[in-house]
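These notes are about the structure you will find just below.
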Amino acid sequence: MNCVLIYQPALTAAIQYPVGRFRSSRATGSVRLSQPRFDLVCHFARLFANLGELGCHITELQRQIRAVHRVDEASQRLEAIPGIGPLSASALVASIGDARAFKNGRQLAAWMGLVPLQNSSGGNTRLLGISKRGDSYLRTLLIHGARSVLLAAARKPTKLAG
């Protein structure tokens, strides 16, 4: 359990609050003060209430994204790819729009910033890291999806892995 510590010369406060998406929604938060200050307790009570409201807003937005995803054919086709869920598929469809605007997958990858930077001179080709151009949010979703697929493949070999 994480603790937020506040130190002022005549006041020490510790607020225990569990970390994590699911644990924090069930937490009430406890405040221990060595010298009680009502204004500080009220301030933290408001912060905890705001945190709960944000959790409700996030849940509602996730529900709306799933509802849009269920009726969008392109989004559902993208979700069939391992590592892409409803959020990633909806974000890809919203950002890319019509994928036929790109000649091939390499152009789409370059637009998203997933191709390596190239520094070539005189026949010497040097490929650097990914270019980081394009939409960083999409790139982050795709990279995290790829990491989850790699972790799942390492834990449980599939028929494709041999």
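The values are calculated or read from the model by the stated rules, or taken from the named source; none is laboratory data. As the structure is a prediction and not an experimental result, all values here were calculated from the model. Cβ atoms come from the backbone with ideal geometry, glycine included; neighbour counts cover every protein chain shown.
Summary table
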read-out	value
Residue among Ala99, Ala94, Ala146 that is hydrophobic (A, V, I, L, M, F, W, C) and over 18 Å from the mean Cα position of the chain (by Cα)	Ala99
Near pairs, Cβ below 6 angstrom, 6+ apart or cross-chain, from the range 50-61 (closer than 23 Å to Pro86 by Cα) to any residue that is assigned to a helix (DSSP H, G or I) and not aliphatic (A, V, I, L, M)	Gly55/Ser25
Residues satisfying the stated conditions in the range 74-113, i.e. of a type in the set (Val, Ile, Thr) and in a loop (DSSP other than H, G, I, E, B)	Ile81, Ile84
Candidate set: the range 27-44, residues that are surrounded by 12 or more Cβ atoms within 10 Å (Cβ to Cβ) and either part of a helix (DSSP H, G or I) or modelled with pLDDT of 75 or more (or both); chosen: the one nearest to the chain's Cα centre (by Cα)	Phe44
Where a residue in the range 83-102 is on the phi > 0 side of the Ramachandran plot and in contact (Cβ under 8 Å) with a residue 40 or more places away in the chain and its partner, wherever it lies, is of a type in the set (A, V, I, L, M) and surrounded by 13 or more Cβ atoms within 10 Å (Cβ to Cβ), with Cβ under 6 Å and at least six apart	Gly83/Ala146; Gly83/Val149
Test: Arg66 is surrounded by 11 or more Cβ atoms within 10 Å (Cβ to Cβ), under 30 Å from Val93 (Cβ atoms) and modelled with pLDDT of 70 or more	yes
Within the range 16-26, considering residues that are exposed (fewer than 11 other Cβ atoms within 10 Å of the Cβ) and more than 23 Å from Pro86 (Cα to Cα), the one modelled with the highest pLDDT	Val19
Tally, over the range 72-121, of residues that are farther than 23 Å from Ala152 by Cβ, outside the structural domain of Ile143 (by TED's automatic domain parsing) and among the acidic types (Asp, Glu)	2
Any pair with Cβ under 7 angstrom, 6 or more apart, that starts in the range 136-162 at a residue that is loosely packed, with under 12 Cβ neighbours inside 10 Å and ends at one that is at pLDDT below 90	Ala161/Ala153
